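The values are calculated or read from the model by the stated rules, or taken from the named source; none is laboratory data. Note that this is a predicted model, so its numbers are computed, not measured. Ideal geometry is used to build each Cβ from the backbone, glycine not excepted, and the neighbour counts take in all protein chains shown.
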């Protein structure tokens, strides 16, 4: 009997609290970003892909691309797609990355047109590796975004050409940076740049050469 009474009082307290809360009141993060709770949550406290991005990027939507993140998560774009969180910033793509992306698209087209041509596949992988190097060094976007973008390029390059040493080195660099970022989150230390002396390039960055590892600029 007492348990039922306690449950009843608990339910009434929750209802009264909801009634007393102003209609405009929002949880702190929703208030901060100016969006509805459903923008980041499937059902609080369970986060959707936006909420996961927000948490992994130091509580910021900097560099967030809704459709791309939804695709990465394997889900449809969530509700409130037209909303623009207050911390959302769209970084201007660097000219070098734009050029390399175009080269990668061209190389992919050539490789697809002649699937049996190993040289074209190797060239495509080398271009993707250069793109990964540029993405990892692009300090105009958040470090977590740089890591994600470069990881995709290096991984694809490695799948296309298993002997691409630079792509493998790039993935090792990404792994180290991701560990560094995770450590910084746990310690509460905010980092956005990699201060290594190798200019963000796997294998040193000062060496230039030609070949299937894609190190030449």
If you go through the range 10-30 one residue at a time, do you hit one that is in a loop (DSSP other than H, G, I, E, B) and at pLDDT 85 or above?
no
Any chance residue 143 is under 11 Å from residue 174 (Cα atoms), buried (at least 20 other Cβ atoms within 10 Å of the Cβ) and modelled with pLDDT of 90 or more:
no
Kindly evaluate residue 114 against the criterion of being touching a helix residue (DSSP H, G or I) at 6+ places or on another chain (Cβ under 7 Å), free of Cβ contacts under 8 Å to residues at least 12 places away in the same chain and not assigned by TED's automatic domain parsing to the domain that holds residue 58.
yes
From 82, 109, 63, grab the single residue that is exposed (fewer than 13 other Cβ atoms within 10 Å of the Cβ) and at pLDDT below 90.
82
Go through (1) surrounded by 11 or more Cβ atoms within 10 Å (Cβ to Cβ); (2) at pLDDT below 85 and name the single condition residue 55 misses.
(2)
Looking at the range 154-168 only, could you name the residues that are outside any helix (DSSP H, G or I) and either surrounded by fewer than 19 Cβ atoms within 10 Å (Cβ to Cβ) or not assigned by TED's automatic domain parsing to the domain that holds residue 112 (or both)?
162, 163
Quick check on my filter: what residues within the range 87-105 are at pLDDT 90 or above and in contact with a helix residue (DSSP H, G or I) (Cβ under 8 Å, 6 or more places away or on another chain)?
100, 101, 103, 104
